[in-house]
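What follows is a short report on a single structure.
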Amino acid sequence: MSPLVLFNTLSRSKEEFVPSDPSLVRMYCCGPTVYNYAHIGNLRTYIFEDLLHRILLLNGYTVKHVMNITDVGHMTSDSDAGDDKMQIAAAREKKSPWELARFYEDAFFHDCARLNIIRPDVAPRATEHVEQMIKLIQQLEAKGYTYETPEGIYFDTAKNDDYGKLAGLNLAGQREGAREDVNVDTNKRHPADFILWFTNKPTHIMKWESPWGTGYPGWHIECSAMSMEYLGETLDIHCGGIDHIPVHNTNEIAQSECATGHVFARYWVHGAFLNVASGAVTGRTAEKMSKSDDNFLKVQKLVDDGYDPLAYRYMCLMAHYRSELTYSDEALKAATTALSKVWELKARQSGAQGDGLTDAEYAEARTQVIAALNDDLNLPRAVAALQGAKSYRLWLEFDSVLGLDIEKRSREATSEPGDSSDLPTEITALMAERDAARKAKNWAASDALRTQIEEQGYTVGDSPAGTVVQKKLL
Ligand code: AMP
Ligand code: ZN
């Protein structure tokens, strides 16, 4: 089996993945800030992380996957300025921040389940790990990495020689640019310095006692404290979206490595953004999908529009995780059609002949799929190999990675026409017409009838006994 290779943001190159402990892969992913629904852009990042998790399993590893829930401390600007997103949203929705957090956390996991994203082994909430954060800040304080301003306790980036190594940041350049920003705490020694603990927010609802006064933690310290709590001081893999490279992940590395003296994460794997095509949601030109904007699509909206969430998952598989992906209705429709064809393969191959592949051909196709998956998660190449082989068996074998419910959906697509007694007569009539057209080899008519049935909200497959339809499961 070809070895698993991952693009490591730290080295900006592909590296063979070797966990520090062969019996367990320690994987951490930055989780959602639960002040709103996740949009399908956020979920693209969680789908990519899920694929990585599943490919590690395919390679025989045991994985411990930890993903935090940020329910306090994430300010409207990633660099600590503004207000806590939770507090603003709680006021808007007239809920307590605690109620709000639980509501959106549940909604998040519901959306993940609809996209077949495996639930992380541990999903720690920031508000339940404040003690660990305080301890970590104390460690940094004892080693001289912190200073205090009227706003709170800061991390002093000047004391950290390799600060910015993940993003290749140039601190001298940053010093100039940031002077213009009126929201920045003027007592900060350097614009890159970041808050570990806020003390000067008397109106903040979520607050805790600390050695520095009543307050709450900064967003970055949460990930360091919670990842180390569940995975130890050195993680094998740390994931996130690319927007986290210059600030959030950079600060996680600085504070973790200064506190422990050890490497924080050995492989940094980042996913590219989902953009929105010109006019697809707002009528404006192409741009990235963002929660603070009106170009925001939720899983529920896809469902309300008649799409299967797994079609969105399939759309994500067709782009490499390090390439930007542009959302449009056309792209999602194309993914829906392609996925229905996969689900219909079993019906087409249910005869004695099956997929018609010899054992050698099957083994060759299998090797190609694994090579693509292990080559930095090259899903587009893996999907192309699967499409080329046209084998239900092969799709089914790799569904442990793809997560497309191949077995269940194919079973539904092969249910005998006799099972369709609960279908509306309008649909059974169209099915009979289509069977007659197919018998007469009138493919144009049979295709037109397929479209007609699909437009009524059904998937159409073929079995030896004739047309098989299935209500789209939304
Ligand atoms: P947040 O809940 O804002 O902290 O973001 C959760 C995750 O979604 C992070 O890993 C972000 O990097 C990622 N993310 C945010 N916007 C997008 C987008 N348009 N496409 C892909 N990932 C995104
Ligand atoms: Zn994080």
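The values are calculated or read from the model by the stated rules, or taken from the named source; none is laboratory data. Source: prediction; values computed, not measured. Cβ atoms come from the backbone with ideal geometry, glycine included; neighbour counts cover every protein chain shown. For accessibility, only protein heavy atoms count, side chains too; no ligands or nucleic acids. Shrake-Rupley method; radii C 1.70, N 1.55, O 1.52, S 1.80 Å.
Scanning the range 248-280 for residues that are out of contact with any Ser or Thr (no Cβ under 6 Å at 6 or more places or on another chain) and of a type in the set (A, V, I, L, M) yields 253, 254, 259, 265, 269, 274, 276. Within the range 257-276, being over 30 Å from residue 295 (Cα atoms) and either within 16 Å of ligand 2 (Cβ to nearest atom) or open to solvent by less than 40 Å² (accessible area, probe 1.4 Å) (or both) holds for 257, 258, 259, 260, 264, 265, 267.
With respect to residue 278, determine if the residue is polar (S, T, N, Q) and free of Cβ contacts under 8 Å to residues at least 12 places away in the same chain. Yes; evaluated as a whole, the condition is true for this residue.
Each row is one residue, and each column tells you yes or no for (1) modelled with pLDDT of 95 or more; (2) away from ligand 2 (no atom under 16 Å from the Cβ); (3) on the phi < 0 side of the Ramachandran plot.
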| position | (1), (2), (3) |
| --- | --- |
| 56 | yes, yes, yes |
| 73 | no, no, no |
| 87 | no, yes, yes |
| 95 | no, yes, yes |
| 100 | no, yes, yes |
| 119 | yes, yes, yes |
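Got at least one residue in the range 316-336 being modelled with pLDDT of 95 or more, basic (Lys, Arg) and assigned by TED's automatic domain parsing to the domain that holds residue 39? Checked against the condition, which is being modelled with pLDDT of 95 or more, basic (Lys, Arg) and assigned by TED's automatic domain parsing to the domain that holds residue 39, the range 316-336 yields no hits at all. Being at pLDDT below 95 and under 21 Å from the mean Cα position of the chain (by Cα): is that true of residue 277 here? Yes; evaluated as a whole, the condition is true for this residue.
Scan the range 205-231 for residues that are within 16 Å of ligand 2 (Cβ to nearest atom), at pLDDT below 95 and open to solvent by 30 Å² or more (accessible area, probe 1.4 Å) and the total you get is 0. Which members of the range 77-98 meet the condition of being surrounded by fewer than 17 Cβ atoms within 10 Å (Cβ to Cβ), in contact (Cβ under 8 Å) with a residue 12 or more places away in the chain and not in a helix (DSSP H, G or I)? Scanning the range 77-98 gives 77, 81, 82, 96.
The condition of being on the phi > 0 side of the Ramachandran plot, more than 16 Å from ligand 2 (Cβ to nearest atom) and in contact with a Lys or Arg (Cβ under 8 Å, 6 or more places away or on another chain) holds for only one of 283, 279, 306, that being 306.
The requirement of being within 22 Å of residue 112 (Cβ to Cβ), out of contact with any helix residue (DSSP H, G or I) (no Cβ under 6 Å at 6 or more places or on another chain) and not small (Gly, Ala, Ser) is not satisfied by residue 284. Of all residues in the range 110-133, those that are of a type in the set (Gly, Ala, Ser) have Cβ atoms under 6 Å from Cβ atoms of residues that are buried (at least 19 other Cβ atoms within 10 Å of the Cβ) and in a loop (DSSP other than H, G, I, E, B), 6 or more apart or on another chain, in 126/71; 126/72. Selection of the range 232-252 for residues being open to solvent by 10 Å² or more (accessible area, probe 1.4 Å) and more than 13 Å from ligand 1 (Cβ to nearest atom) yields 232, 233, 234. Among the residues of the range 31-44, how many are open to solvent by 20 Å² or more (accessible area, probe 1.4 Å) and within 16 Å of ligand 2 (Cβ to nearest atom)? Looking only at that region, the number is 2. Suppose the filter is of a type in the set (Phe, Trp, Tyr) and crowded, with 19+ Cβ neighbours inside 10 Å; does residue 154 pass it? Yes. Condition check: open to solvent by less than 30 Å² (accessible area, probe 1.4 Å) and at pLDDT below 95. Does residue 345 satisfy that? Yes: the conditions hold for residue 345.
All conditions but one from (1) surrounded by 22 or more Cβ atoms within 10 Å (Cβ to Cβ); (2) in contact (Cβ under 8 Å) with a residue 40 or more places away in the chain apply to residue 325; the one that does not is (1).
State which residue is farthest from ligand 1 (Cβ to nearest atom) when the search covers only the range 58-71 and only residues that are at pLDDT 95 or above and touching a helix residue (DSSP H, G or I) at 6+ places or on another chain (Cβ under 6 Å).
Result: 58.
What is the residue count in the range 29-76 for residues that are in a loop (DSSP other than H, G, I, E, B) and either over 14 Å from residue 290 (Cα atoms) or over 11 Å from the mean Cα position of the chain (by Cα) (or both)?
The total comes to 16.
Residue 360 meets the conditions (1) more than 23 Å from the chain's Cα centre (by Cα); (2) closer than 30 Å to residue 12 by Cα in every case but one. The failed one is (2). Please go through the range 203-236 and give me each residue that is more than 17 Å from residue 35 (Cβ to Cβ), touching a residue at least 60 places away in the same chain (Cβ under 8 Å) and either of a type in the set (Gly, Ala, Ser) or in contact with a Lys or Arg (Cβ under 6 Å, 6 or more places away or on another chain) (or both), ordered by number. The answer is 210, 215, 224, 225, 227, 231, 232, 235, 236.
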